[in-house]
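Just so it is clear, none of the values below were taken in a lab; they were calculated from the coordinates. This is a predicted model, so every value here is computed, not measured. Note: ideal-geometry Cβ built from the backbone for every residue, glycine included; neighbour counts use all protein chains shown.
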Amino acid sequence: MKKIILLFMMSAMLHSVSFTQVSKGSLLLGGDLSIFIQEQKTLSGTANKNDGFSFSPLIGVATRQDIIQGGYLQIGSSKSTNNFSSAITETNNTGVGYFIRKYSSIKNNFSGFIQGNAGVGYSTSSFEIQTTINKSKQTSVGINVSPGLSYKVSQKLHLEAGLKNIASVSYQVTKNLIDNPGINDVLRSTQISVSSSLNNFSSNLYFGFRLLLDRKKS
């Protein structure tokens, strides 16, 4: 089923017709928000608890017919607690980036799109258990490609479904600060990665909405 959905999305974009879906000067507004709370309980009480959120607003302008360019922000935070070991892990991340999206009209208010992103991210995390404290800071630079489908509910409201980071390249620099009894050290590491999410379809599938405002008609 997953492969069928993916093939449909790709073929729809490749076999699209040429009439204009997005006029030059149109404004794209949107964002993705996720909030999660997870608990694992035993007969004696709560064993593990994970909670957090992520928010990514974006804004773009159609610089040409069917082509939108713009920017986005990324904000996120999470906390994980293990009551058995008293371990606590906290993570915070921020980021900013540029995107370009190409629409291709299909029919019956459907259109496909390909979006490329280039961004910079910064995150901090801490792991604390008893007298051991490990902290890390990570800076990353990456580019990725995401295909999707859009359905025009009204003149302004569009529903979307797509695959995040179907292909990506990233460069990461991580600094780990170790603060243990008798040990105080800093470890620095770098990583370059090239990846594809085709084998992890479900975790990269997203649904959302966008506001597409044609300023010539407003």
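Considering the options TYR122, VAL141, ASN184, tell which one lies farthest towards the positive end of the dipole of segment 59-200, charges being +1 on Lys and Arg and -1 on Asp and Glu at the Cβ, about the Cα centre.
Highest projection toward the positive end goes to VAL141.
Mind scanning LYS24/LYS152; LYS24/LYS102; LYS107/LYS156; LYS135/LYS164; LYS107/LYS152; LYS24/LYS164 and naming the pairs with a C-alpha gap bigger than 19 Å? Don't jump to the answer; show the numbers that get you there.
Values: LYS24/LYS152 17 Å; LYS24/LYS102 12 Å; LYS107/LYS156 17 Å; LYS135/LYS164 29 Å; LYS107/LYS152 10 Å; LYS24/LYS164 26 Å.
Listed pairs above 19 Å: LYS135/LYS164; LYS24/LYS164.
Quick one: which residues, 5+ away or cross-chain, put their amide H under 5 Å from the amide H of ILE59? H built at 1.01 Å from N.
Here the answer is GLY71, since their amide H atoms fall under 5 Å of that of ILE59.
Pulled fully out, how much extra length does the chain show between SER77 and GLU90, if you take 0.36 nm times their separation in residues and subtract their Cα-Cα distance?
Numbers: separation 13, 0.36 × 13 = 4.68 nm, distance 0.76 nm.
Difference between extended and current length: 3.9 nm.
Scan around GLN65 for amide H atoms under 5 Å from its own, H built in the peptide plane at 1.01 Å from N, and keep only partners 5 or more places away or cross-chain.
Amide H neighbours of GLN65, under 5 Å, 5+ apart: LYS24.
Ranked highest first by average number of other Cβ atoms within 10 Å, how do 156-167, 24-35 line up?
On the way: 156-167: 17.3, 24-35: 15.3.
The densest-packed peptide leads the list: 156-167, 24-35.
For LYS175, list the aspartates and glutamates whose Cα falls under 12 Å from its own Cα; do not include residues on the same chain fewer than 8 positions away.
ASP185
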